[in-house]
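Right, one structure below, let's go through it.
Read the figures in this text as sums done on the coordinates, not as results from a lab. What you see is a predicted model; the values in this text were computed from it and never measured. Please note: Cβ atoms are built from the backbone with ideal geometry, for glycine as well, and neighbour counts cover all protein chains shown.
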Amino acid sequence: MSLFRKAARLSELRKSSPNYSAMKVCILTVTFFLYLLLGSVMFHHLESKHQEQDFRFVIDRLGSFYEKHRHCIDPAEISQIVEVVLLACKDGFHHLDNTTDILNDNITDRWDLPSSFFFSATVVTTIGYGRLSPQTRQGRNACILYALLGIPLTAILLKEVGHMFKDKGILILTKIRQSLMKIHKSKTFITIATAVVGFLVLYCILICLPALVFSYTEGWSYQDAHYFCFITLTTIGFGDHVVGGNNDRVIYQNQWSKWAFKILITLYLLCGLSILAIVFNALSSGSENKFAELYKKRKQSGNEDVSVIEIKEDPKPGMVPGTDINL
Amino acid sequence: MNGKTVGIISFIFIIYLLLGAVLFHFIESPNELAKMEEAKEMRVELMANLTDMLTDDQIETIVTNLLKITAAGVNFLNMNETSPTNWDINSAFFFSGTVVTTIGFGNNAPSTQMGRNFCIIYALIGIPLCGFLLTGIGEKLGILAKKLEAMFYDRVTCGYPTLLRLTYISILLVIGAIFFITIPSIIFMHVEGWKISESWYFCFITLTTIGFGDYVIGQRSDKGYTEFYKWACYVWIIVGMSFLALIISLLSDLMTDYAGKLREEQKQRLKQLKNLTGKQLTRLGSSDKKGIKGVEAGYHGDEDRVEEEDRDGNVEETPLDAGEKF
């Protein structure tokens, strides 16, 4: 859960009675730890061999290269190359695709204004890809201060947007419920089905569709683009795939189109996070009675604009709407 | 929470991003270009030293391969032949942690397609799970914070409640900074061999879940990390993140409450203005219902209010009515 959602949830929790007994926290901790263990086993199983293969591949290549040229090179020279490369990597250059660009003075400033703009966005949204990170002492101090102010600012923005569109979110959820009720009336089915349908719709809008766009603009495979969108919107932000990382693409050659795309991707971040905030708000504060109230009022006034009607805020955090399930 | 508020905040936000763009550009760009020049010189020197043995293309191939491998997280010099992977169980455990906490350092990232797909599913379940844990811990911290707040208000009084709250949050922040940043930084300085500024930077970037990945704990295989150290780090991350979430929620609450207070004051002022205008208008003998409402709407920034009344037919007390009372 992103930092913002945690913060929002904490705000609501503070206003209501304590929900989490010490026992619950303990159980959560144990479950969490077990989940991490599960993850470690899975990732180890999936990734370890592949990386070993990569490593072996390079070692072999270097080895055979050395064998081929043994008469004129000594291993000290190979080590020299390795050291030089690692030195450059320490300065954050391991994301370069090649070094001939530097040799030919074809130097693109990775910190030009559009890129810095995008960088600022990744800081305040806590994504933090890391492909670009401040290397100077002043830059790092500036980054800390910038984040200290920017993250709460973003939190407020997302919270307000979430509040503003919360009613529309509840409406959509209710509409889904209404249509599902036509199929089957059982309460459990409705709850689960609403959750599933809602989740799928959300996933398509937030990730599947933008992934199509990015696979086109960045020249990635759809799977890579899909992975990128997911890692970005959850604010994990590994940085192995970043939009705008490949400066050879035609769209990034022109300064204007570069600005346009950086702004576009920033909008994507903000819209995506906002929608998640709206969903979160709708889920946290909705409940069965409120839906019914809402619909009654709508019918009476014949008023299509739901946002006009003030929903009295009685947040019951942790309750799944329409059920008695307390998370 | 209306459109105008969101509009204003969005505007401030965009300005803030632009400010960041300019700031980082002017701080980092010269340094980066200088480093690129250095890299170029290194490369040229390499060519000069080895060109009679290796062709330029061969050097390029080796360099590019090494860059790729390093980008994927393989740490050449620190790896021994027997365990050339950083996906051993311990590291994979740490990686899982960075996924569910959304820190996502990225020094290690799944490179197989299956690994990535699993990562997505793993995150979908793990992130909410982590969220519950963190809010649970955060709530406990919040209770403690409330107690401290009460103690604080007992001792300090001030005419400005908002300022008082801000002061309290600042004190909390300072205490938190000592426990969650300064003390761990000193530990990292000794164990990881970083400078104090680098450790401080790492702590902050990690706890806010930004997680660039330029500094990561536990990456040196030549240093023997004790089990205690590793577990202490995990606990630190979890509790520290909860604490920071608490601070951010306190701050945003404060700002929203303050904005709400300002709005209330504005409403009061408007009411007074309305009564006044009503009185003046009765004296003049004219009433411009729509005009007054337009002014009202302008003050509130809330056009909906005007329309709502027209549609429902419930007309609020008009200035004329108010005037007639007097």
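What average number of partner chain Cβ atoms lie no more than 10 Å from the Cβ of the residues making up B:252-258?
5
Go through segment B:26-40 residue by residue and turn each phi into a ³J(HN,Hα) via Karplus (6.51, -1.76, 1.60, θ = phi - 60°); whole Hz please, and just put x for glycine and proline.
6, 7, 8, 4, x, 5, 5, 5, 4, 5, 4, 4, 4, 4, 4
So, by mean Cβ neighbours within 10 angstrom, what's the order for B:175-188, A:130-143, B:156-169, A:109-122 with the highest one leading?
A:109-122, A:130-143, B:175-188, B:156-169
Rank these for me by crowding, B:99, A:84, going from fewest to most other beta carbons within 10 Å.
A:84, B:99
May I ask for the distance between the Cα centers of segment A:184-242 and segment B:170-190, given as a whole number of Å?
Centre-to-centre (Cα) distance: 37 Å.
Quick one: if you take sqrt(5λ) for each eigenvalue of the C-alpha gyration tensor of segment A:100-219, what semi-axes come out, biggest first, whole angstrom?
Values for segment A:100-219, descending: 43, 21, 10 Å.
Give the Rg (one decimal place) followed by the Dmax (whole number) of segment B:173-279, computed from C-alpha coordinates and expressed in Å.
Computed over the Cα atoms of segment B:173-279, radius of gyration and Dmax are 22.9, 84 Å.
So if each residue of separation counts as 0.36 nm, and I subtract the Cα-Cα distance between residue B:234 and residue B:175, what length gain in nm does that give?
Residue separation times 0.36 nm, minus the Cα-Cα distance, leaves 19.2 nm.
Which trypsin sites (Lys or Arg not before Pro) from segment A:30-70 combine a DSSP loop assignment with at most 14 other Cβ atoms within 10 Å?
A:70
Calculate the mean, over all residues of peptide B:120-129, of how many other protein chain Cβ atoms lie within 10 angstrom of the residue's Cβ.
5
At 4 °C and a viscosity of 1.567 mPa s, what translational diffusion coefficient does Stokes-Einstein give for segment B:199-254, taking Rh as the Kirkwood radius over Cα pairs? Give it in µm²/s as a whole number.
Rounded to a whole number, D works out at 102 µm²/s.
If you count, for each residue, the other Cβ atoms within 10 Å and average over each peptide, how do B:29-41, B:206-218 line up from highest to lowest?
Answer by packing, highest mean first, reads B:206-218, B:29-41.
Modelling each spin label as a point 7 Å along the Cα-to-Cβ direction, I'd like the residue A:189/residue B:65 distance in nm, to one decimal.
6.1 nm
What does the average come to when, for each residue of peptide A:142-154, you count the partner chain Cβ atoms lying within 10 Å of its Cβ?
Mean inter-chain Cβ contacts per residue within 10 Å come to 6.
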